[in-house]
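Inspection log for the structure reproduced underneath, given as structure tokens.
The values are calculated or read from the model by the stated rules, or taken from the named source; none is laboratory data. Just so we're clear, the structure is a prediction, and the values are computed from it rather than from any experiment. Note that we place each Cβ from the backbone using ideal geometry, even for glycine, and neighbour counts take in every protein chain shown.
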Amino acid sequence: MIQARAEENVITLNIHNSVGESYWKKSDREENCVEDVEDLQKLLNKNKNASRIDVYINSPGGSVSEGISIYNILKRTRAYKRVFIDGFACSIASVIAMAGNSISMPKSSMQMIHNAWTWTAGNANELRKTADDLDKINEVVVNAYMSKFKGTEEELRKLLDNESYLTADECLRYGLCTKIVEDSEDTQNDVEEGLEATTNMFENKLNQLISIKNAIRNLGVETVPSETVKEPTGETVKEDETVNEALKSKVADRNVVKEKVEEFKATELQKFFNYKPEK
């Protein structure tokens, strides 16, 4: 079960119990509880301007397909992802953790990683196909772990073969977490990572503004001397109506773009700094 809560520019996800499964009826679930990937995607779509996503994990694992999809959705979002392993992150839940920009573990938490497994029945050919399918699924899981793993792929596969329970210290050594935290450190970490997330988001928006400015330059309107652009009068029209009409068109285009830029700036300032321009 995944519970989700969005406030301001932060989305909080609590991944508890089995991934992709819930023993609770929808009517019994807490508000903003996300049961599957579809619900998670709806929540993210409603909060596209979130600058940070906090993911809290205590899960034995669950559906590989659901877990991989959650991992990929989180990786795809531009928001800064902070993962906190509150208890155990086992099986596919540990794969979801790899989507974090930062992965924090107290010393009292663990991860468990292993090869994909399933229940099956059938004849020899069907059993061989199931084994081949599991090998392919393992490759997907290995790719996710290797995005963080500090070691060789051979070392990782050995850990998977042994169904390894890893302490926080071991996870840090292998790169499966980025830091070990204690309660006293949480407040300072929140401040530092919050500042980092806000800075990254502001830089992205600034780059967008620069792109718009460059687009204005590409229009070529800045090469037009301002003194040559005049409102047409009875005298100026007589000089060269074709030239003046072309100049007027460029100035009109420039004014439209400038209005769009100002509108964009006002909107983004209001979103990220809770700033409302004076009227």
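Brief remarks follow.
- Of all residues in region 146-165, those that are within 21 Å of Ser109 (Cα to Cα) have Cβ atoms under 7 Å from Cβ atoms of residues that are of a type in the set (Ser, Thr, Tyr), 6 or more apart or on another chain, in Phe149/Tyr174; Lys150/Tyr174; Leu156/Tyr145.
- Count of residues meeting criterion [of a type in the set (Val, Ile, Thr), buried (at least 21 other Cβ atoms within 10 Å of the Cβ) and assigned to a helix (DSSP H, G or I)] in region 69-102: 4
- Among the residues of region 37-81, those identified as closer than 18 Å to Met98 by Cβ and in contact (Cβ under 8 Å) with a residue 60 or more places away in the chain are Arg52, Val64, Ile68, Ile70, Tyr71, Arg78, Ala79, Tyr80.
- Subset of region 103-123 [among the polar types (S, T, N, Q), at pLDDT 95 or above and either under 12 Å from Val55 (Cα atoms) or in a loop (DSSP other than H, G, I, E, B) (or both)]: Ser104, Ser109
- Residue match in region 6-15 (condition: modelled with pLDDT under 80 and assigned to a strand (DSSP E or B)): yes
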